[in-house]
1. Are any of the residues in segment 21-33 surrounded by 14 or more Cβ atoms within 10 Å (Cβ to Cβ), over 24 Å from residue 115 (Cα atoms) and at pLDDT below 95?
2. Could you tell me whether any residue of segment 134-151 is at pLDDT 95 or above, buried (at least 18 other Cβ atoms within 10 Å of the Cβ) and either in contact with a strand residue (DSSP E or B) (Cβ under 6 Å, 6 or more places away or on another chain) or part of a helix (DSSP H, G or I) (or both)?
3. Just to be sure I understand, how many residues within segment 165-182 are surrounded by fewer than 18 Cβ atoms within 10 Å (Cβ to Cβ), outside any helix (DSSP H, G or I) and either at pLDDT 85 or above or touching a strand residue (DSSP E or B) at 6+ places or on another chain (Cβ under 8 Å) (or both)?
4. In segment 104-126, which residue that is touching a residue at least 12 places away in the same chain (Cβ under 8 Å) and either out of contact with any helix residue (DSSP H, G or I) (no Cβ under 7 Å at 6 or more places or on another chain) or under 16 Å from residue 73 (Cα atoms) (or both) is surrounded by the most Cβ atoms within 10 Å (Cβ to Cβ)?
5. Do we have any residue at all in segment 65-72 that's buried (at least 19 other Cβ atoms within 10 Å of the Cβ), under 16 Å from residue 172 (Cα atoms) and either over 13 Å from the mean Cα position of the chain (by Cα) or at pLDDT 95 or above (or both)?
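The values are calculated or read from the model by the stated rules, or taken from the named source; none is laboratory data. Keep in mind that what you see is a predicted model, and the values were worked out from it rather than measured. Neighbour counts run over all protein chains shown; Cβ positions are idealised from the backbone, glycine included.
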């Protein structure tokens, strides 16, 4: 968008001497809301098949992933956790993961309990990062970051949702709050 066209864009709250700041703030709020909804839709895609199907929870799907992590990609400090805590309780944890992903998805898409869902999403992504993205003991530092992109990018999105006000726009909560005030 050109500078001229960008200056002509006006939003309802963009009036008065600080209209450029209000306009930018509104656009930023819409951008973070769009990111929140997009991440929520990703989690909805990955959570729904786990909740509404049984392969992941009851037929070894989760356990298969954990075994693959142990064999191929877990950070050394996570291997005992995966072997001694997660695998013995794999069915219960599979349900926790499935319904957790689904709950995070719904919270982000609808803009409800976004900060709480984002805290759990951040912890989940961090756990997955350390369980599956180890590049090896002799890898250069940059490979640790490259190997972690699967989970670190989503962890950073969750961090932004925790620190920001991601539920301020395009949320059910905001809609009901404005409907009540009328």
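1. Scanning segment 21-33 turns up at least one residue that is surrounded by 14 or more Cβ atoms within 10 Å (Cβ to Cβ), over 24 Å from residue 115 (Cα atoms) and at pLDDT below 95.
2. For segment 134-151, residues at pLDDT 95 or above, buried (at least 18 other Cβ atoms within 10 Å of the Cβ) and either in contact with a strand residue (DSSP E or B) (Cβ under 6 Å, 6 or more places away or on another chain) or part of a helix (DSSP H, G or I) (or both): present.
3. Quick first cut of segment 165-182, residues surrounded by fewer than 18 Cβ atoms within 10 Å (Cβ to Cβ) only: 165, 172-182.
If we keep only those that are outside any helix (DSSP H, G or I) too, we end up with 165, 181-182.
If we keep only those that are either at pLDDT 85 or above or touching a strand residue (DSSP E or B) at 6+ places or on another chain (Cβ under 8 Å) (or both) too, we end up with 165.
Residues flagged as surrounded by fewer than 18 Cβ atoms within 10 Å (Cβ to Cβ), outside any helix (DSSP H, G or I) and either at pLDDT 85 or above or touching a strand residue (DSSP E or B) at 6+ places or on another chain (Cβ under 8 Å) (or both) within segment 165-182 amount to 1.
4. Keep residues of segment 104-126 that are touching a residue at least 12 places away in the same chain (Cβ under 8 Å), which gives 104-112, 114-115, 117-122, 124-126.
Adding the requirement that they be either out of contact with any helix residue (DSSP H, G or I) (no Cβ under 7 Å at 6 or more places or on another chain) or under 16 Å from residue 73 (Cα atoms) (or both) leaves 106, 125-126.
Working: 106: 16, 125: 21, 126: 17.
Here the residue is 125.
5. Checking segment 65-72: not a single residue is buried (at least 19 other Cβ atoms within 10 Å of the Cβ), under 16 Å from residue 172 (Cα atoms) and either over 13 Å from the mean Cα position of the chain (by Cα) or at pLDDT 95 or above (or both).
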